[in-house]
1. Please identify which residues in region 1-29 have an amide N closer than 19 Å to a label point set 7 Å out from the Cα of HIS54, following the Cα→Cβ vector.
2. Could you go through region 41-56 in sequence order and give the Karplus-derived ³J(HN,Hα) for each residue, using 6.51 cos²θ - 1.76 cosθ + 1.60 with θ = phi - 60°, rounded to whole Hz, and x for Gly and Pro?
3. According to a simple spin-label model (label point 7 Å from Cα along Cα-to-Cβ), what is the distance in nm between LEU47 and THR64?
4. What is the ratio of the Cα radius of gyration of the chain to 2.2 N^0.38 Å, with N the residue count, to two decimals?
5. Can you list residues from other chains, or at least 5 along the same chain, whose modelled amide H is less than 5 Å from the amide H of VAL59?
6. About the Cα centre of the chain, what is the dipole size in debye to 20, counting +1 per Lys and Arg Cβ and -1 per Asp and Glu Cβ, all else neutral?
7. For every helix of n ≥ 4 consecutive DSSP H residues, a contribution of -39,500 (n - 2.57) applies; sum these over the chain, divide by its total residues, and give [θ] at 222 nm rounded to the nearest 500 deg cm²/dmol.
Amino acid sequence: MQKTPKKDKEVIKIIIREYQKNTLPWYIGYSGGKDSSSMLKLVFNALKQVDSFHKPITVLYCDTGC
């Protein structure tokens, strides 16, 4: 099993805190690149630690390449 880096743990805590602040839905932009893939993975890992899901999360794919 892979160990989660300390920096990722800090970001995951922030994501959980932001998720729990209110009931506004989240829309996450995803392009398939390394930055949006990393962000989506961090959000996914954060939500695995949440006990109660109270708002919708939608991932929007956009091909940014031409």
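Just so you know, all these numbers are worked out from the coordinates, no wet-lab data involved. On a predicted model such as this, the values are computed, not experimentally measured, just so you know. We place every Cβ from the backbone using ideal geometry, glycine too, and count neighbours over all the protein chains shown.
1. Under cut-off, by backbone N: 13-27.
2. Once rounded to whole Hz, the list reads 5, 5, 5, 4, 5, 5, 5, 5, 9, 8, 7, 10, 8, 10, 8, x.
3. 2.0 nm
4. Details: Rg = 12.9 Å, N = 66, 2.2 N^0.38 = 10.8 Å.
Against the compact-globule rule of thumb, the ratio is 1.20.
5. Here the answer is ILE28, since their amide H atoms fall under 5 Å of that of VAL59.
6. Values: 11 positive and 6 negative charges, 68 e Å.
Approximately 320 debye in magnitude.
7. -14500 deg cm²/dmol
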